[in-house]
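Read through the structure below, which is laid out as structure tokens, and then see the notes.
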Amino acid sequence: IERVDSCKFLGVYVDDKLNWKKQICQVQTKLARTLGILYRTSKLLDETTHKTLYNSLFLPYLNYCCEIWGNTLKTYLRPIELLQKKAIRIVCNVGRYENTTPLFARLSLLKFKDLVKWKTATIMHKVFLKQMPKQIQQYFEIKKTKYPQRHLNKFTLNLHRTRLKSFALSVIGVKTWNEIDYSIQTLTSHVLFNLN
């Protein structure tokens, strides 16, 4: 078998160190290209139409498998976050130093880190409802303690020694799930869960 630095699998570049640098670099290149389109149309379109353009051209690159490659070091993800902020400023037609937090709220859009967290929580909801394949399901188990009411619907956090393992879905997914409110965890509908 030939050893390679990275390999494309289902549209995601998996590298030999599992730090997702190659995937992030590819997404960054595609987002920069799309940013040019958003900028060139900024004087022609109103905010609503521009948001639609953002959702159709920019957001899919952020969305695709971000629960896998988006759970990595913050320094690797910084260029993606900066490009998203530039895109939001273009959509809202504001200056380059404008604070983006109120703009995200105004457009009802998620920042990249929140998007990753939401997609990770969605997967964990499927795990909780036992709707994932058994090969994935086996990595998660509900806590069994002396006082079950304290840890109701919480998953057991797997032991991990390395930083690489701490970004795995079996660890970061459990942490994300255990932070969610009990009333949201118990929802049986994916639609209702995503709305909350």
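The values are calculated or read from the model by the stated rules, or taken from the named source; none is laboratory data. No experiment lies behind these values; they were computed from the predicted model shown. Ideal geometry is used to build each Cβ from the backbone, glycine not excepted, and the neighbour counts take in all protein chains shown. Heads up: the accessible areas ignore ligands, DNA and RNA and are worked out on the full protein's heavy atoms, side chains in. Shrake-Rupley method; radii C 1.70, N 1.55, O 1.52, S 1.80 Å.
Listed values, structure above:
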{"read-out": "Check: the chain dipole with +1 on Lys, Arg Cβ and -1 on Asp, Glu Cβ, in debye", "value": "420 debye"}
{"read-out": "Apportionment of accessible area to carbon and sulfur, the chain, percent (1.4 Å)", "value": "57 percent"}
{"read-out": "Listed peptides 118-128, 88-98, 155-165 by packing density, highest first (mean Cβ within 10 Å)", "value": "118-128, 88-98, 155-165"}
{"read-out": "Filtered GluC sites (Glu not before Pro), the range 1-90: DSSP coil and at most 10 other beta carbons within 10 Å", "value": "2"}
{"read-out": "Relative contact order (%) - the chain, alpha-carbon pairs under 8 angstrom, separation at least six", "value": "17 percent"}
{"read-out": "Rounded to 10°, Cα long-axis angle of helix 112-128 versus longest principal axis of the chain", "value": "30 degrees"}
{"read-out": "Cα-centred dipole magnitude for the range 33-121, charges only on beta-carbon of K, R (+1) and D, E (-1), debye, nearest 20", "value": "220 debye"}
{"read-out": "Histogram of C-alpha separations across the range 50-144, 5 Å bin width, %", "value": "3, 12, 20, 20, 16, 11, 8, 6, 4, 2, 0"}
